Amino acid sequence: MEIDWRISETDLLKITDFVNQQSNEYVANRVAKNINYHRLFINRDTILHALLYSMILPNMKHSIDSPVASFFKKRPSPFIYVKIKTALDVNEYIFNTLKKNGILLDKKKSPEFFAVNFDLLESSNWALIDILKKKLRYKEDKQAEREIADYIDTMFKGFGAIEARIFLQYLGLTRYEIPIDSFVSEWLNDFGFPIHISTTALQDRGYYHFVSDGIQLLCNKANIYPCVLEAAIYSFNEKNIPQ
């Protein structure tokens, strides 16, 4: 069975107007990193940052100025490979480092999952670095993005489709595959997306791909990258969070 995605000129005008209205530094940074590949680095430190970021962001307040955002902007970073490698207990180190920076998490979830995933990266001699660098050779390949997102989803403990795409987006490696979280789903439902998006159903990989196909088609018609639309939705949500 096939779905006929029908996109009107009104839909295209609505979405382009929306993205243009969210023209700001946050959206500009997304364009610089994920579209223009400005200051894109793939190494052990950036992979660990992306891993931790993608594991804690879905569980924290969705805010550009949250402790999470501040932590990852910190320089010098308190979170680098050398420090984690030499930690006596990775779980404890992650938990305590985050706690010192105002990020409180369940020790038996994100920090524990991170420790398991760190061991996985170590045991594979960081083979993921070469896989991700290879991805850079196919910058406009939607299928390549999806395949590596599904690979990351399967590879890391505590991950789902959203976490996998946050991971790749943080590294600047995705233009088409975006994290379809509750904020994106709500915005698309309000926008008038052809199907009502269920956040529960998004846990199914096939359904996630189906919704992502619709988003990508809509953005293609509007000449907008999905990652830029997601940044605009994030920015819009930030402006409308009750203070």
Kindly indicate the residue of the stretch 137-150 that is under 15 Å from Cys227 (Cβ atoms) and touching a residue at least 40 places away in the same chain (Cβ under 8 Å) and also surrounded by the most Cβ atoms within 10 Å (Cβ to Cβ) among those meeting that condition.
Arg146
When only residues in the stretch 50-64 that are among the small types (Gly, Ala, Ser) and either in contact with a strand residue (DSSP E or B) (Cβ under 8 Å, 6 or more places away or on another chain) or modelled with pLDDT of 90 or more (or both) count, which is nearest to Glu112 (Cα to Cα)?
Ser54
I'm trying to understand the selection: among the residues of the stretch 184-193, which are surrounded by 14 or more Cβ atoms within 10 Å (Cβ to Cβ) and at pLDDT below 90?
Phe193
Selection count where residues are over 13 Å from Ala232 (Cβ atoms) and among the hydrophobic types (A, V, I, L, M, F, W, C), scope the stretch 7-34:
4
Members of the stretch 29-51 found to be assigned to a helix (DSSP H, G or I) and β-branched (Val, Ile, Thr), listed by number:
Val31, Ile35, Thr46, Ile47
So which residues in the stretch 84-106 are of a type outside the set (S, T, N, Q) and surrounded by 15 or more Cβ atoms within 10 Å (Cβ to Cβ), if there are any at all?
Ile84, Ala87, Val90, Tyr93, Ile94, Phe95, Leu98, Ile103, Leu105
Taking into account only those residues within the stretch 194-243 that are of a type in the set (S, T, N, Q) and assigned to a helix (DSSP H, G or I), which is surrounded by the most Cβ atoms within 10 Å (Cβ to Cβ)?
Ser212
Scan the stretch 129-136 and give yes if some residue there is loosely packed, with under 13 Cβ neighbours inside 10 Å, at pLDDT 90 or above, within 28 Å of Cys227 (Cα to Cα) and aliphatic (A, V, I, L, M), otherwise no.
no
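Give the residue that is farthest from Asn125 (Cα to Cα), with candidates limited to residues of the stretch 1-28 that are assigned to a helix (DSSP H, G or I) and polar (S, T, N, Q). First the steps, then the outcome.
Of all residues in the stretch 1-28, those assigned to a helix (DSSP H, G or I) come to 9-21, 25-28.
When the remaining residues are screened for being polar (S, T, N, Q), the result is 10, 16, 20-21.
On the way: Thr10: 51, Thr16: 44, Asn20: 44, Gln21: 45 Å.
Selected residue: Thr10.
The values are calculated or read from the model by the stated rules, or taken from the named source; none is laboratory data. Since the model is a prediction, treat every value here as computed from it, not as a measurement. When we count neighbours, we look across all protein chains shown, and the Cβ atoms used for this are built from the backbone with ideal geometry, even at glycine.
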